[in-house]
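J.: My questions will all concern the structure given below.
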Amino acid sequence: MRRREGNYLLRTNLEGRTPEEFWGFYMQLVQVEEAFRNLKGDLAIRPIWHQLESRIEAHIFVTFLAYCLHVTLGQRLQGCAPGWTPRSALEQLKGMQLIDVKVPTADGRRLEMARYTQPDKAQQLTLAMLKLELPPQPPPKIYASQPSQVGGCGEDFCPG
């Protein structure tokens, strides 16, 4: 028992492979299991029961994209912030939001502005560490009149 401390003992029914190949298979298994833990944990992906095949495919595609971004963030962190995880970076940045502000004017037009919240000091440091810059706030847009709402109340917010 003492000689095995700190070592892995892999047992398999496969034949004709080298120990290095078996270790490679095991490491692939570990990576796949970690991917599923990330999908369930950090990305909060849970089963959703779709009825249509196109929705199932879309759900898988969005989940895959989320995982790709998660892995990319992890790789970027390795280079610029060793010890940080994608979870810690996302936790730091989760307070930032993008909102659409819609303001009716007195003459019947409406002003629309997409705005993101200004990052606090910790978020600014995280963005700088990741070598990311926020784009400039987009200019406001003004529209001549309210869009018609088919079957709606004609307002951006309909009570009830």
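The values are calculated or read from the model by the stated rules, or taken from the named source; none is laboratory data. Just so we're clear, the structure is a prediction, and the values are computed from it rather than from any experiment. Backbone-built Cβ (ideal geometry, glycine too); neighbour counts: all protein chains shown.
J.: Return the residues of the stretch 104-121 that are in contact (Cβ under 8 Å) with a residue 24 or more places away in the chain, outside any loop (DSSP other than H, G, I, E, B) and among the basic types (Lys, Arg); say none if nothing qualifies.
T.: The one that is in contact (Cβ under 8 Å) with a residue 24 or more places away in the chain, outside any loop (DSSP other than H, G, I, E, B) and among the basic types (Lys, Arg): Arg110.
J.: Looking at the stretch 36-55, can you tell me whether even one residue there is surrounded by 10 or more Cβ atoms within 10 Å (Cβ to Cβ) and at pLDDT 85 or above?
T.: Yes, the conditions are met somewhere in the stretch 36-55.
J.: Counting just the residues of the stretch 56-98 that are touching a helix residue (DSSP H, G or I) at 6+ places or on another chain (Cβ under 8 Å) and over 19 Å from Leu132 (Cα atoms), which one comes out modelled with the lowest pLDDT?
T.: If we take residues in the stretch 56-98 being touching a helix residue (DSSP H, G or I) at 6+ places or on another chain (Cβ under 8 Å) and over 19 Å from Leu132 (Cα atoms), then Thr63 is modelled with the lowest pLDDT.
J.: Continuing with the same structure: Quick one: in the stretch 127-160, which of the residues that are charged (D, E, K, R) and modelled with pLDDT of 55 or more is farthest from Gly108 (Cα to Cα)?
T.: Lys131
J.: A further question follows. Scan the stretch 122-149 residue by residue and report those that are of a type in the set (D, E, K, R) and assigned to a loop (DSSP other than H, G, I, E, B).
T.: Of everything in the stretch 122-149, those that are of a type in the set (D, E, K, R) and assigned to a loop (DSSP other than H, G, I, E, B) turn out to be Lys131, Glu133.
J.: Tell me which residues, restricted to the stretch 100-110, are surrounded by 10 or more Cβ atoms within 10 Å (Cβ to Cβ) and among the aliphatic types (A, V, I, L, M).
T.: Those that are surrounded by 10 or more Cβ atoms within 10 Å (Cβ to Cβ) and among the aliphatic types (A, V, I, L, M): Val101, Val103.
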